[in-house]
Amino acid sequence: MRVCFVGTYPPDRSDLGGSGWVDRRLLAALRAEGHELEIVSVTGPPGERRLPMERIAPTVPRAAVGSDSSPAVGIRAHGIPIRSAGRVPLEVRSDAGRLVRIALGMLVSGEPYLSRKFTAFPGWADAVSLLQARAKGRRVITSGWPGLLLAEHARVEIAAHIAHNVETVIAREHSPRGLRLLGEAARLDRAERRLLGRPGKVYALSRLDAERLDAWGVSAQPISVPLCPRASDRLRAATAPNTIGFIGKAAWPPNARALAALLGPVHRRLDELDVRLDYVLAGRGTEAFADHPRVRAAGPVEAVSDFYRRVGLVVVPRFGAATGISVKVLEAAEHGVASVLPAALAEAIDPAGPWLIADDPAETAEAIQRWRRGEHVPPVVPWAESRSAWTTPAGLWC
């Protein structure tokens, strides 16, 4: 089937955040199912390029060799075309002029900030024209809020949409005071419900979000993100590194709260339990915490694989209201590293998954202690392999 996949970022830019990470894995699964794909990204350098695809597949069918296993080889598949019209600004919080322009537009248009910050700028019209041209003769799948918004403005039929989050939940939890005064949560609630009524099918990365959308009257089906387990990291050392890891942009509000918990009450409780472990922090802005007594490394990393080789356990202490999934939990699983996370995040991904569950700082420290003693070491590698993009259907109706 000919598919036009609409995402936020060019998925060849692995440094731009979690949505591109998810899209690369969905695209890998769709390619493995035999669909003819091309990608339109909401923002990115203008022009066309290709997303390289690595495929891992058996050289011969298992039954043909009469053994319990068959060798696997890496096959370089032809890349998927990526097209972008120009650089639509996705992050404008540090630009006072743009913020004023967006606010004035909100007063006139009634749009929420999460729409107006895209539609107010010239590059948006170019992206709309690009999608109108590329959608002809193709089934359109949108992934994430910006892609869905673009498809609405392009007036193209949407076969399926993948909701990465319920954006209204984020607005209610994290909107700054200025946006609250402009009624951002109520505006976004109306816009999100309207847009989610457009696709033929709606999927949610989070099981909890699927239930939330069903309660809105939007029929939504949960979808598991296919994974790309890394062969070089599958056989981890018998003794994992004696370190705790956290990776993510420090300025993103949920990450800021998580870091405050990890470096504050979790750290203090570990001291009380006499558990001596070092922290490895990675991601833009984490270098600000390099002087913390437990931190041994902090700051951006050139390759995430380097980070995961240095850590024995990933900690995701995001407590409170949750939407979407934790991409970093799945990324850690691909590298064979277990995670400590709250029950709500575990439920969103897979309630039966190989997790260490902790719902507050004290429980987080105690879960780390059990892992350190070897009392609970989750079987993360076989779980990740069972969700391989090359053997597990994406499950998208398109």
Inset, instruction - Filter the stretch 115-146 for residues that are farther than 13 Å from VAL3 by Cβ, touching a residue at least 40 places away in the same chain (Cβ under 8 Å) and of a type in the set (Gly, Ala, Ser) and give the result. - result: SER115, GLY123, ALA127, SER129, GLY144
Inset, instruction - Exactly one condition in (1) touching a helix residue (DSSP H, G or I) at 6+ places or on another chain (Cβ under 8 Å); (2) at pLDDT below 95; (3) under 12 Å from PHE246 (Cβ atoms) is not met by SER305; state its number. - result: (3)
Legend entry - Test for ALA358: is it within 26 Å of LEU263 (Cβ to Cβ), surrounded by fewer than 18 Cβ atoms within 10 Å (Cβ to Cβ), among the aliphatic types (A, V, I, L, M) and at pLDDT 90 or above: no
Legend entry - Residue match in the stretch 129-139 (condition: of a type in the set (Gly, Ala, Ser), farther than 18 Å from LEU27 by Cα and within 21 Å of the chain's Cα centre (by Cα)): no
Legend entry - Selected residue (criterion: surrounded by the fewest Cβ atoms within 10 Å (Cβ to Cβ)) from residues of the stretch 230-250 that are small (Gly, Ala, Ser) and at pLDDT 85 or above: ALA250
Legend entry - the stretch 247-283, subset within 25 Å of the chain's Cα centre (by Cα) and assigned to a loop (DSSP other than H, G, I, E, B), residue nearest to ILE368 (Cα to Cα): GLY248
Inset, instruction - Kindly state which helices (runs of 4 or more DSSP H) lie completely within the stretch 156-238 and contain at least 3 residues that are touching an Asp or Glu at 6+ places or on another chain (Cβ under 7 Å) and either touching a residue at least 60 places away in the same chain (Cβ under 8 Å) or assigned by TED's automatic domain parsing to the domain that holds ALA32 (or both). - result: 167-174, 184-196
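The values are calculated or read from the model by the stated rules, or taken from the named source; none is laboratory data. Here the structure is a predicted model, which is why all the values come from computation and not from measurement. Note: ideal-geometry Cβ built from the backbone for every residue, glycine included; neighbour counts use all protein chains shown.
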